[in-house]
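Before any comments, here is the structure.
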Amino acid sequence: MKNIYEEISNTISRLYRSKNKIRNLHKPILKDQEKKILEKVINSSYVSSVGPYVKKFEKKIEKFTKVKHAICLSSGTSALHISLLLSDINSQHEVLIPKFNFIASANACRYLGASPHFVDCSEKTLCIDLEKLELYLKKICTRRGGKTFNIRTGKQIKACIPTYSYGYVFNIVKLKSICKRYNITLIEDSAEALGSFYKNKHVGTFGKFGILSFNGNKIITTGGGGALLTNSNLLAKKARHISNVSKVFKKYDIHYDQIGYNYKMPNLNAAIGYTQINNLKKIIKKKNQLNKYLIKNITNSQKYFEIYKQKNGSNCNNWMQLLIIKDKKIKINKLLLHLNQNNIQAKRAWSNINKYNYLKIFPSMKNTNNNFFSKIILLPSNEFEFIKK
Ligand SMILES: Cc1ncc(COP(=O)(O)O)c(C=O)c1O
């Protein structure tokens with residue numbers, strides 16, 4: 001078995017162009033255009049949240065995703081927080097979220113005192129298992145006054161936040177209809193999925209809200225930042241207001257009409273995003289090529305591993321390349337050690353987040369997942385890293 005680790009790590013490292021460089025998991029691609037625009041913004045002195053690039057970047061996101069309103073914020077997490085606030089979520093409520101997940105949606109629930117309620121994911125889609133969810137809701141819920149309550153805790157199940165894991169998509173139309181049936185608000189964590197579509201509609205635009213992240217590791221970046229997506233004029237107006245500390249201008253005076261949050265994206269960051277989004281289509285094309293290249297060279301050439309491949313009916317951004325271990329005998333930590341020693345900065349995928357101490361106490365679907373999710377490795381996914389010229 002020892003040689004298998006060397007074999008796979010050599011196979012993967014051979015796919016890179018040069019040998020001795022560290023292959024980062026995901027590096028931002030920042031070039032002269034970004035330098036130029038940053039210099040322009042610095043010279044203008046509008047480095048904070050006042051300045052033209054926030055609006056300009058928002059317009060570009062709206063055009064690309066075909067959403068009515070994109071509101072640039074300081075992070076994807078703050079966008080999740082605002083989504084839950086404007087859905088009136090509080091400590092009396094439960095919010096359905098996937099177990100296999102990034103931590104942000106669970107934290108956003110906790111900011112408001114709400115209980116995350118963890119549900120299982122599907123191996124096929126890496127998101128909520130919709131068949132299991134339907135059976136589960138039938139079993140654990142009761143309906144009163146058009147609302148859905150958890151029989152055991154007595155709390156209202158008021159929202160659901162599916163995550164498009166690593167940019168891959170699932171049947172959001174089906175989830176939307178389940179949520180509608182149970183009167184559950186749908187908020188899409190599409191932080192990693194800019195450029196992913198379900199049946200030609202951009203993800204993050206199906207629910208009441210969607211969110212994006214422009215953190216340094218995302219498909220495009222603003223350094224740090226995020227966006228809230230909504231098709232509602234009223235909700236967009238409210239979101240702009242509370243994310244700007246609920247400021248009300250009265251002639252030469254400023255008032256505050258409710259609790260507000262300092263969540264606005266600075267002009268400096270928006271300027272980077274405004275430049276980056278011009279390359280998005282090109283990046284997605286290269287990422288799709290990379291996915292095909294890895295499938296050809298890994299999935300089709302040996303029996304121990306496969307590269308995750310999105311099924312039909314969708315058009316995803318292939319943001320992160322996932323290596324799935326098929327052979328039970330292979331120890332993931334040992335493989336990661338070999339890959340990292342070979343300068344390949346591979347990493348384990350998320351764990352089920354309901355295992356963390358501060359989240360353990362919240363409701364959870366009885367664990368029926370096998371260990372599929374613990375057998376996923378993230379591979380360096382910069383579109384230019386792999387493809388040999
Ligand atoms: C799936 C997912 N949700 C939410 C977030 C939160 O975004 P941010 O880091 O911009 O707060 C991230 C970002 O890392 C993410 O990957």
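The values are calculated or read from the model by the stated rules, or taken from the named source; none is laboratory data. All figures in this text were calculated on a predicted structure; none of them were measured in a lab. Using ideal geometry, Cβ is built from the backbone for each residue, glycine included, and neighbour counts are taken over all protein chains shown. In case anyone asks, the SASA skips ligands and DNA or RNA and just uses the protein heavy atoms, side chains included. Shrake-Rupley method; radii C 1.70, N 1.55, O 1.52, S 1.80 Å.
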Inspect all residues belonging to region 90-107 and state whether any of them is under 18 Å from the mean Cα position of the chain (by Cα), surrounded by 15 or more Cβ atoms within 10 Å (Cβ to Cβ) and either among the acidic types (Asp, Glu) or within 23 Å of LEU234 (Cβ to Cβ) (or both). yes
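Residues of region 215-229 being open to solvent by less than 10 Å² (accessible area, probe 1.4 Å) and on the phi > 0 side of the Ramachandran plot, which ones? Outline the logic, then answer.
Restricting attention to region 215-229, the residues satisfying the condition of being open to solvent by less than 10 Å² (accessible area, probe 1.4 Å) are 220-222, 225-229.
GLY225, the sole residue that qualifies.
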Restrict the check to region 199-206 and report whether at least one residue is over 26 Å from LEU378 (Cα atoms), open to solvent by 20 Å² or more (accessible area, probe 1.4 Å) and outside any loop (DSSP other than H, G, I, E, B). yes
So which of LYS238, LYS180 is under 28 Å from LYS311 (Cα atoms), more than 16 Å from the ligand (Cβ to nearest atom) and either in a helix (DSSP H, G or I) or open to solvent by less than 10 Å² (accessible area, probe 1.4 Å) (or both)? LYS180
Taking region 116-126, which residues are open to solvent by less than 10 Å² (accessible area, probe 1.4 Å) and either within 24 Å of ASN233 (Cα to Cα) or away from the ligand (no atom under 16 Å from the Cβ) (or both)? HIS117, ASP120
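Can you go through TYR304, TYR263, TYR274, TYR293 and tell me which one is closer than 24 Å to LEU84 by Cβ, open to solvent by 30 Å² or more (accessible area, probe 1.4 Å) and of a type in the set (Phe, Trp, Tyr)? First the steps, then the outcome.
Working: TYR304 fails: closer than 24 Å to LEU84 by Cβ; TYR274 fails: closer than 24 Å to LEU84 by Cβ; TYR293 fails: closer than 24 Å to LEU84 by Cβ.
The conditions single out TYR263.
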Go through (1) within 16 Å of the ligand (Cβ to nearest atom); (2) in contact with a Lys or Arg (Cβ under 8 Å, 6 or more places away or on another chain) for GLN156 and report which single condition fails. (1)
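Condition check: of a type outside the set (Lys, Arg), out of contact with any helix residue (DSSP H, G or I) (no Cβ under 9 Å at 6 or more places or on another chain), touching a residue at least 12 places away in the same chain (Cβ under 8 Å) and surrounded by 15 or more Cβ atoms within 10 Å (Cβ to Cβ). Does LEU25 satisfy that? I'd like the intermediate steps shown before the answer.
Details: of a type outside the set (Lys, Arg): yes; out of contact with any helix residue (DSSP H, G or I) (no Cβ under 9 Å at 6 or more places or on another chain): yes; touching a residue at least 12 places away in the same chain (Cβ under 8 Å): yes; surrounded by 15 or more Cβ atoms within 10 Å (Cβ to Cβ): yes.
For LEU25, the condition - of a type outside the set (Lys, Arg), out of contact with any helix residue (DSSP H, G or I) (no Cβ under 9 Å at 6 or more places or on another chain), touching a residue at least 12 places away in the same chain (Cβ under 8 Å) and surrounded by 15 or more Cβ atoms within 10 Å (Cβ to Cβ) - is met.
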